[in-house]
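Everything below concerns the one structure shown next.
The values are calculated or read from the model by the stated rules, or taken from the named source; none is laboratory data. All values derive from a computational prediction rather than experimental measurement. So basically every Cβ, Gly included, is an ideal-geometry build from the backbone, and we count neighbours across all protein chains shown.
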Amino acid sequence: MTPSDIPLQQLRPAAAYVYSDIRQSSGTSSRDVSAELDSEPNYASDLVVDEGISKLERKLGLWSGMAIVVGSIIGSGIFSSPSLILDSVGSVGMSLVVWVIGAVVSLCGCAAYMELGTMLPRSGGEKEYLDVAFPRPRALLPFVFCLSTIAISFPSGIAADAVVTGVYFVYAATGKTASGHSEWTQRAIGLAVVVVCGLLHGLCSRVAIRVQNLLTVVKVLLLVLIVVVGVIGLANGLHTPRSNSFEGAFQGTSRNAHSYVSALFKVFFSYAGYTSLNYSIDELRDPVRNLPRAAMGGLVATTVLYVLSNVAFFIVLSPEAMRASSTAVAGVFFTTAFSATWGQRIVPAFIGLAAFGNVMCATFSASRVVFEAAREGYLPFARHLGSVDGRFQAPVWALAFSTAVAAAFIVGPPPGEAYDFLIDIGGYPSWVFYGLSVVGLLVMRRTHRELVRPFTTWMLANVVTIVTALFMCIVPFVRPDDDATSIPYWAAPLAAVLFIAVSVPMWYIQVVIRGGLDRSHYSMQTGEGIK
């Protein structure tokens with residue numbers, strides 16, 4: 001058998017994994033228990049990594065893992081997109097319905113990813129799942145996923161959150177939303193945020209995790225404050241009367257399918273992040289137990305806060321005020337509810353910090369996809385991008401790469417519509433691979449019955465995720481009633497589709513012609529690579 005005949009998943013350092021219960025009970029080395037492992041199946045939660053393999057530390061516990069999930073979910077979306085969603089669907093009632101639909105679909109998707117993550121507890125997310133489910137053509141789908149995620153999905157999301165960080169810092173400094181040259185000021189702030197996050201994760205990884213945890217607490221407290229202000233407003237306890245947003249709540253509801261796709265992309269962008277631990281599961285302690293608890297617990301808590309926060313927005317702000325607020329809706333909300341000092345200066349600064357925290361969490365996850373892709377042999381300069389810096393215990397080169405790509409997305413789109421474009425172009429390939437991964441889950445239930453599944457999701461949840469993925473991939477090409485923007489409605493999805501198409505010949509060059517997988521880090525570790 002030649003290296004090119006070996007399924008990709010067998011080229012990973014499976015021999016480096018040993019069962020911790022065997023090692024602890026008998027005191028044997030990883031080499032001594034290899035034969036015992038061949039005949040004794042066990043749960044993947046018992047796996048530890050042999051110290052001879054260059055790896056990242058398992059430094060994430062349950063609460064740190066949940067903080068990453070909550071911190072990845074709660075970002076710029078909830079503080080900036082409610083006004084854009086209202087503008088898309090046309091009515092207050094339908095706006096709230098869309099948020100609830102997004103929650104239900106996200107919970108279904110999260111359940112599917114918990115089955116995938118506990119069944120295949122290796123960092124890399126969809127890269128791992130697509131590889132096992134669709135082994136032929138060899139590594140095609142994992143390769144295309146990695147390139148699309150590295151080049152589009154993650155950096156566009158990081159850029160969107162970084163720009164919103166700039167929006168709220170500018171709002172806190174001036175009390176105004178952006179206009180003219182101040183949009184470039186926002187981008188400059190966003191660029192600085194991305195660089196700082198990359199440096200923190202690269203040079204002070206443990207400090208960065210603590211900062212993430214702290215900023216996650218800030219985010220949760222901000223959402224709780226929004227809900228409390230809404231309750232006070234409902235009781236007429238604010239200095240301004242409550243709005244009449246819920247009178248004729250569904251009046252003006254849009255009937256155009258494209259409007260709902262645009263709204264759903266923003267809602268799903270706001271809920272995105274529940275898969276963040278799947279990309280770094282090698283760093284999570286007791287992953288089979290902690291992954292479902294951290295991901296599902298974080299998503300459920302966030303869902304409740306999201307829906308209540310949207311109700312609070314409409315209690316305080318009229319639909320007209322919501323639309324006029326653009327991406328600074330939370331800032332306008334607090335300005336209306338409180339004095340100018342609190343509403344225009346202090347609270348928006350904390351919202352900016354919350355968006356900053358989301359950039360930190362996304363930067364962490366993005367670098368892990370680059371790191372794993374490089375180790376598979378998908379990327380050039382793999383020796384650097386797939387390395388762990390011994391001094392800092394972090395994938396420094398992978399962090400530098402993902403930071404540079406995110407910075408390009410910040411400065412690239414035209415002013416005025418950058419936020420919408422970044423969400424749309426990043427969301428399209430994400431839904432392509434969400435759908436394929438859940439299809440792969442159903443395939444593996446038939447082709448890999450021997451795999452232990454500590455967590456099994458419901459068939460209905462899988463069907464909901466697949467149908468939603470099809471909807472999100474097809475309808476963006478439907479012409480909207482009013483396409484008045486400077487960027488055509490088809491630009492973002494078409495750009496994503498073209499990139500996915502171009503990735504196929506890139507796969508052929510890297511995998512088939514250059515034999516990148518057979519010279520990869522994992523191939524060499526198992527001794528199957530080209531000598």
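Worth a mention:
- Residues satisfying the stated conditions in the stretch 240-292, i.e. in a loop (DSSP other than H, G, I, E, B) and either of a type in the set (Lys, Arg) or crowded, with 21+ Cβ neighbours inside 10 Å (or both): 242, 245, 255, 272, 273, 274, 275, 285
- Considering the stretch 325-353, the residues that are free of Cβ contacts under 8 Å to residues at least 12 places away in the same chain and assigned to a helix (DSSP H, G or I) include one that is farthest from residue 277 (Cα to Cα), namely 341.
- Of everything in the stretch 201-226 that is in contact with a helix residue (DSSP H, G or I) (Cβ under 6 Å, 6 or more places away or on another chain) and over 20 Å from residue 66 (Cβ atoms), the residue that is surrounded by the fewest Cβ atoms within 10 Å (Cβ to Cβ) is 202.
- Verdict on residue 214 being at pLDDT 90 or above, aliphatic (A, V, I, L, M) and within 22 Å of residue 352 (Cα to Cα): no
- Candidates 496, 461, 469, filtered to the one that is surrounded by 13 or more Cβ atoms within 10 Å (Cβ to Cβ), under 28 Å from residue 132 (Cβ atoms) and either free of Cβ contacts under 8 Å to residues at least 40 places away in the same chain or among the aromatic types (Phe, Trp, Tyr) (or both): 469
- Search result, residues across the stretch 121-164 that are of a type in the set (D, E, K, R) and either buried (at least 22 other Cβ atoms within 10 Å of the Cβ) or assigned to a helix (DSSP H, G or I) (or both): 122, 126, 127, 128, 131, 161
- Residue 447 vs. criteria at pLDDT 90 or above, of a type in the set (S, T, N, Q), within 18 Å of residue 139 (Cα to Cα) and surrounded by fewer than 21 Cβ atoms within 10 Å (Cβ to Cβ): yes
- All positions within the stretch 85-118 that are of a type in the set (A, V, I, L, M, F, W, C) and farther than 22 Å from residue 313 by Cα: 105, 107, 108, 110, 111, 112, 114, 116
- Residue match in the stretch 294-310 (condition: β-branched (Val, Ile, Thr), farther than 19 Å from residue 79 by Cα and either part of a helix (DSSP H, G or I) or under 18 Å from the mean Cα position of the chain (by Cα) (or both)): no
- Qualifying residue in the stretch 354-366 (condition: hydrophobic (A, V, I, L, M, F, W, C), assigned to a helix (DSSP H, G or I) and either without any contact (Cβ under 8 Å) to a residue 60 or more places away in the chain or surrounded by fewer than 23 Cβ atoms within 10 Å (Cβ to Cβ) (or both)): no
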